[in-house]
Amino acid sequence: MGQSSSASSPVPGVRQASESEAARWDQRYRDGSDGWELGQPAPPLAMFLRRHPLAPQREGKVLVPGCGRGHEAALLAELGYSVVGLDFSGEAVREARRWYGPDRPQLRWLQADLFDAAALAAAGLGKGSLDGVVEHTCFCAIDPRQRAAYRATVLRLLKPGGWLLGLFLCHSREGGPPYGSDPEELARQWRQTGLVPELWEPAQGSVAQRSDEWLGLWRKSLQSPSPHQLEDAPCSAP
Ligand SMILES: C[S@@+](CC[C@H](N)C(=O)[O-])C[C@H]1O[C@@H](n2cnc3c(N)ncnc32)[C@H](O)[C@@H]1O
């Protein structure tokens with residue numbers, strides 16, 4: 001870990017192919033074209049983590065991919081998890097540090113591309129290294145062609161019995177970001193990836209403009225997924 005949060009120079013962990021994409025996100029942060037910004041953790045996730053009987057035990061290492069300004073990562077750290085907030089935008093990581101402070105044992109910020117397995121491993125995020133992943137508006141921000149790689153990355157990083165908690169935008173509007181999802185298809189794909197659903201329902205308490213959010217909790221089974229479960233989930237991004 002410990003990459004610089006400089007937005008102007010390429011950093012290890014941000015693959016060349018994704019540098020232009022990261023630069024586009026940097027620009028959105030600089031311009032304030034950040035329509036996704038809530039200024040707080042997403043209420044359905046916060047409510048679930050604080051009160052729901054299915055909320056995962058408050059321990060272990062959790063990754064927040066595409067953490068942006070870090071609201072969910074900071075909440076998780078406050079609740080007792082050991083958290084890595086990851087984003088390939090240097091501006092996002094800088095903003096997260098500005099909002100929530102520098103790295104400390106319970107909360108680390110990492111500038112890296114989620115799909116760069118080598119950079120993740122170098123930062124201690126190797127195969128089976130995580131107890132949990134919390135998804136909020138990263139899945140809908142990536143190109144839908146990268147979704148299989150996203151699922152494969154989550155599966156690889158979770159230890160057996162590890163969990164994925166996610167708030168997913170399930171709209172059917174053309175284009176993006178944010179790219180929409182069909183709730184049934186999304187659930188089918190996570191199952192096919194080898195994660196077992198514990199909860200999948202329309203989210204409670206979403207902010208007004210996000211009435212199409214669904215909340216899900218999945219667990220990686222204690223056995224390895226069979227090869228057919230991974231058919232649509234290549235191990236790295238194209
Ligand atoms: C719509 S913003 C959401 C930020 C934050 N999750 C929130 O809800 O406020 C999407 C974030 O994902 C990051 N991102 C997109 N693709 C990524 C990738 N391949 N690796 C790491 N971060 C990525 C962007 O830089 C951006 O900060």
Original post:
Among the aspartates and glutamates, which have Cα under 15 Å from the Cα of Lys61 when same-chain residues fewer than 8 positions away are ignored?
Top reply: Glu72, Glu78, Asp103, Asp131, Glu135
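Which value, in Å to one decimal place, does the Kirkwood hydrodynamic radius take for the stretch 14-74 when every pair of different Cα atoms is included? It would help to have the intermediate numbers written out before the result.
Values: mean 1/r = 0.0720 Å⁻¹.
One decimal place: 13.9 Å for the Kirkwood radius.
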Original post:
Which of the aspartates and glutamates could a cross-linker span from Lys127 if the Cα-Cα distance has to be under 17 Å and same-chain partners fewer than 8 positions apart are dropped?
Top reply: Asp113, Asp116
**OP:** Calculate, in whole percent, how much of the Cα-Cα pair population of the chain lies beyond 26 Å.
**Re:** 31
Subject >> the stretch 114-161, Cα convex hull volume normalised per residue, Å³ >> reply: 74
Original post:
Of Gly66, Gly161, Gly85, which is the most mobile in a GNM of the chain whose springs link Cα atoms less than 10 angstrom apart?
Top reply: Gly161
Original post:
Within the chain, what percent of beta bridges assigned by DSSP are antiparallel, to the nearest 5?
Top reply: 45
Original post:
In whole Å, what are the Cα extents of the stretch 142-217 along the three principal axes, biggest one first?
Top reply: 36, 27, 18
Original post:
If we count other beta carbons within 10 Å of each Cβ, what is the order of Cys138, Cys67, fewest first?
Top reply: Cys138, Cys67
**OP:** Take the Cα pairs of the stretch 33-102, get the Kirkwood Rh, then feed it into Stokes-Einstein at 10 °C and 1.306 mPa s and tell me D in µm²/s.
**Re:** 127
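Read the figures in this text as sums done on the coordinates, not as results from a lab. Note that this is a predicted model, so its numbers are computed, not measured. Note that each Cβ is placed from the backbone with ideal geometry, even for glycine, and that neighbours are counted across all protein chains shown.
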